[in-house]
Amino acid sequence: MDDKAPQSVSKYLRELLENRARQDGPRVERIDADDQVFWIKRVEQLDLRYRLQKGDPRKAFERERLAYHEMNAAQAPVPQLVAEGRDFLVLPDCGLDLRKLLEREDDTSKRDQMLLDASVMLAEFHRLGFAHGRPSPKDMCQVDGQMLLLDFERYKHQNNTPVGQARDLVVFAFNVAAHSPQMRDVLPNAMEAYRAVADQAIWPLAQRWCRWFAWADWATKPLQRRPEGRSKEFKAIPVVLDLFLSDGLAGT
């Protein structure tokens, strides 16, 4: 790509980071430089078996690089790309992801507010015309009080539509219900916070998506009865379907 990375660090620091990123190293590497923390993300190296399972890592890398260029230009709630090369990206450290923040926060009101803030951030992201592809609390962080989105290896222009954004919303709610079950009771408020900011067309599309997959609830009932640790994703299915299809939030 011809676009240059945003001028968010000094020329010296960028050159230092680029030189390190061009050397051999792990796919994701932490770098401490100039009293700051950065992360190098290199193209994943996969054998044939995993390429068949996960797809072409070069294409995933290019999707993510394209996402950061477009989203930084639109001032979307994502980290600023610090440096890049043919085989690497460099991003600033964003601290703990939202899933870990929700696990570690003992103050219920602060924990609830983080989920509400994340929902509003997702709505603002969608209002800019983007869709993430598979948003989850593990792909979100909080920097200086602002929620940001991460991990755009699934980014595709064809998903930047109300339908793709509706799918984003359902997937986000599902990931909260499955992997942060302590937040299930807060999800209705989080969805209301999202709807107050997002395009009003998104919610009915999300409901339609859930109606299409309502069969997954009865099909997985035996698995839902297993202990929580072994069936958390199955147990989240009825929670999410009720969230989108119950009378309480279905007013569209």
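Within the stretch 95-106, the set of residues being in contact with a Pro (Cβ under 7 Å, 6 or more places away or on another chain) and open to solvent by 40 Å² or more (accessible area, probe 1.4 Å) comprises R99 only.
It is to be established whether one or more residues within the stretch 167-182 are surrounded by fewer than 16 Cβ atoms within 10 Å (Cβ to Cβ) and of a type outside the set (G, A, S). For the stretch 167-182, residues surrounded by fewer than 16 Cβ atoms within 10 Å (Cβ to Cβ) and of a type outside the set (G, A, S): present.
Yes/no matrix, rows are residues, columns are (1) over 21 Å from C94 (Cβ atoms); (2) in a helix (DSSP H, G or I):
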site: K110; (1), (2): no, yes
site: S119; (1), (2): no, yes
site: H126; (1), (2): no, yes
site: R154; (1), (2): no, no
site: R167; (1), (2): yes, yes
site: F172; (1), (2): no, yes
site: D185; (1), (2): yes, yes
site: A190; (1), (2): no, yes
site: R195; (1), (2): yes, yes
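Considering the stretch 148-166, the residues that are of a type in the set (A, V, I, L, M) and open to solvent by 10 Å² or more (accessible area, probe 1.4 Å) include one that is farthest from L116 (Cα to Cα), namely V163.
The condition of being open to solvent by less than 10 Å² (accessible area, probe 1.4 Å) and either among the hydroxyl-bearing types (S, T, Y) or farther than 23 Å from L187 by Cβ (or both) does not hold for S109.
For every residue, the table says whether it meets (1) out of contact with any Asp or Glu (no Cβ under 9 Å at 6 or more places or on another chain); (2) modelled with pLDDT of 90 or more; (3) β-branched (V, I, T); (4) part of a helix (DSSP H, G or I).
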| residue | (1), (2), (3), (4) |
| --- | --- |
| E18 | no, no, no, yes |
| Y50 | no, no, no, yes |
| V78 | yes, yes, yes, no |
| K100 | yes, yes, no, yes |
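For the stretch 202-239, a residue qualifies if it is surrounded by 16 or more Cβ atoms within 10 Å (Cβ to Cβ) and not in a helix (DSSP H, G or I), and exactly one does: T220.
The values are calculated or read from the model by the stated rules, or taken from the named source; none is laboratory data. None of these values were measured; they are calculated from a predicted model. Counting neighbours? That spans all protein chains shown, and the Cβs are built from the backbone with ideal geometry, glycine included. To get the accessible areas, we keep the full protein, side chains included, count just its heavy atoms, and leave off ligands, DNA and RNA. Shrake-Rupley method; radii C 1.70, N 1.55, O 1.52, S 1.80 Å.
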